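One structure is given here, and the rest of the page talks about it.
Nothing in this text is a laboratory measurement; each read-out follows from the coordinates by a stated rule. What you see is a predicted model, and the numbers here were worked out from it, not measured in a lab. Heads up, the Cβs are rebuilt from the backbone with ideal geometry, glycines too, and the neighbour counts pull from every protein chain shown.
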Amino acid sequence: MPLSNSSTTYGSVTKTFHWLTALLILAMFPLGLIASDLAHEVRGTGASPDNSALQLAATLFSMHKTIGVALFFVALARIAWAIGQPKPALLNGDKPAEAWLAETVHWLLYGSLVAVPLSGWVHHAATSGFAPIWWPLGQSLPFVPRDEALADITGTLHYLLQWVLLGAIALHVTGALKHHLVDGDATLRRMLPGQNPALPTERQPGHVLPLVTALALWGAVLGGAASLGWFAPQDHAGGGATQGTALETVESEWQVQDGSLQITVVQMDSEVTGSFADWTASIDYSETPDSNGRHGSVDVTISIPSLTLGSVTSEALGADYFNADAFPTADFTADLFSTDEGHVARGTLRIRDESVPVEMPFTLDIEGDSATARGGLGVDRRAFGIGGESTGSLAASVDIRFDLTARRATP
């Protein structure tokens with residue numbers, strides 16, 4: 001069998017691309033649908049997520065994403081090969097309506113085979129957490145920031161475009177079977193192994209009208225979804241399903257003007273960084289230490305429901321993890337010391353109903369009545385009864401980082 005196409009038959013390279021694409025799609029769609037249904041089922045129970053079910057859903061999603069990336073590159077290679085090849089003409093070009101529909105479906109297929117995996121890949125790169133792509137080239141994409149608004153848009157695009165692709169596949173398969181079973185021509189056979197040439201009709205459809213039709217169909221789907229508000233920005237502030245009462249402002253010697261409090265976990269070998277939107281800090285600090293080297297104290301209260309942790313926010317707030325319903329706040333109470341290595345906060349971190357002694361190094365710069373401080377520490381989540389003892393999908397170590405600007409209160 002020749003590698004290249006001719007005017008009457010497809011070559012072995014084109015046939016290989018065709019059937020490899022079909023196999024990838026047959027694997028990708030069921031994996032994605034099953035994983036999505038499983039994740040929604042687990043999250044929709046209202047109870048604490050089942051770790052084994054979440055692990056299974058994550059594994060299925062990773063398989064789906066990995067196959068999707070493979071499909072994207074196969075589609076690009078297939079298009080690049082097709083550009084330089086003659087395309088065997090239609091055997092029913094003398095039937096204008098059928099020929100127009102066939103060419104429209106081909107435009108939908110080629111466009112969707114690129115757009116569907118690409119939108120899913122951008123969604124994956126823009127969000128944080130859950131299931132990684134199984135390859136050594138990282139989880140990010142150039143020029144794609146970690147941004148939940150972008151993740152929402154591309155996630156919606158991916159959902160909509162997948163149904164366009166499924167519809168095009170259904171029409172493509174229906175057409176092939178109609179040619180084979182009803183018309184009895186060689187349209188299907190010439191994509192099978194071996195040489196199955198067939199003489200095309202003299203009349204053939206143009207490319208412009210089918211392309212315009214395909215673009216109109218994509219536009220109708222996306223425009224209809226936009227009119228229904230599917231692309232409207234979603235509110236990601238304040239964490240997931242559990243919402244807590246806002247913390248009251250505290251008065252102290254140093255008033256926090258601005259800052260961030262972040263945590264980073266490692267889930268399925270990928271870092272997921274999140275932040276708490278609501279926290280307060282009561283800070284007493286003197287540049288002159290006492291005889292023990294103590295400069296003052298800090299008392300931090302954190303609203304657990306204000307956590308945003310990428311796509312795993314709802315799981316993180318669940319009963320097996322932070323259990324935000326039962327324990328809506330966490331506390332860090334410490335004395336502030338200066339050492340030869342720098343500053344350190346020595347005290348107790350309480351999360352859930354567990355209190356653990358900790359030491360947190362930090363840097364401090366004071367200029368007049370303004371101060372900036374940043375620091376952090378690593379903790380073992382298991383010491384606080386978070387996430388169980390297993391480290392199969394979630395690493396034990398959690399990194400906590402803060403960065404703040406404070407101003408000395410006026411006497």
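Summary of packing: across the peptides 397-403, 227-233, 84-90, the per-residue average of other C-beta atoms within 10 Å ranks them, highest first, as 397-403, 84-90, 227-233.
Within a straight-line Cα-Cα reach of under 18 Å, Lys65 can be paired with the following aspartates and glutamates, leaving aside sequence neighbours fewer than 8 residues apart in one chain: Asp37, Asp152, Asp269, Glu271. Normalised Debye scattering of segment 1-157 at q = 0.15, 0.16, 0.20 Å⁻¹ gives log10 I(q)/I(0) of -0.90, -0.98, -1.28, counting only Cα atoms as equal scatterers and leaving out solvent. Under conditions of 10 °C and 1.306 mPa s, the chain yields 63 µm² s⁻¹ as its translational diffusion coefficient, taking Rh as the Kirkwood radius over Cα pairs in the Stokes-Einstein equation.
Dipole size of the chain about its Cα centre, with +1 on Lys/Arg Cβ and -1 on Asp/Glu Cβ: approximately 2680 debye, rounded to the nearest 20.
Using the per-residue mean of other Cβ atoms lying within 10 Å as a proxy for protection, in what order, highest first, do the peptides 303-316, 65-78 fall? The partial results should precede the final answer.
Details: 303-316: 22.9, 65-78: 19.1.
Packing proxy ranking, top to bottom: 303-316, 65-78.
What shape does segment 233-348 take by its C-alpha gyration tensor, where a ≥ b ≥ c are the square roots of the eigenvalues and a/c under 1.5 counts as rounded, a/b above b/c as prolate, and the rest as oblate? Prolate, since a/c reaches 1.5 and a/b exceeds b/c. The lysines within cross-link reach of Lys87, meaning a Cα-to-Cα straight distance under 17 Å and a gap of 8 or more places when in the same chain, are Lys15. Based on C-alpha pairs under 8 angstrom that are at least 6 apart in sequence, the chain has a relative contact order of 14 percent.
Please work out the C-alpha center-to-center distance from segment 333-388 to segment 109-165 and express it in whole Å. Using only Cα atoms, the two centres lie 37 Å from each other.
Annotation: aspartates and glutamates with alpha-carbon distance below 15 angstrom to Lys178 (same-chain offsets under eight excluded): Glu98. Taking a ≥ b ≥ c as the square roots of the eigenvalues of the alpha carbon gyration tensor, segment 339-404 is prolate, as a/c is not under 1.5 and a/b beats b/c. Peptide packing for 201-208, 149-156, 334-341 was compared via the average number of neighbouring C-beta atoms within 10 Å per residue; ordered from the highest value, the list is 149-156, 334-341, 201-208. Working from label points 7 Å from Cα in the Cα-to-Cβ sense, the Glu359 to Arg146 distance is 2.9 nm.
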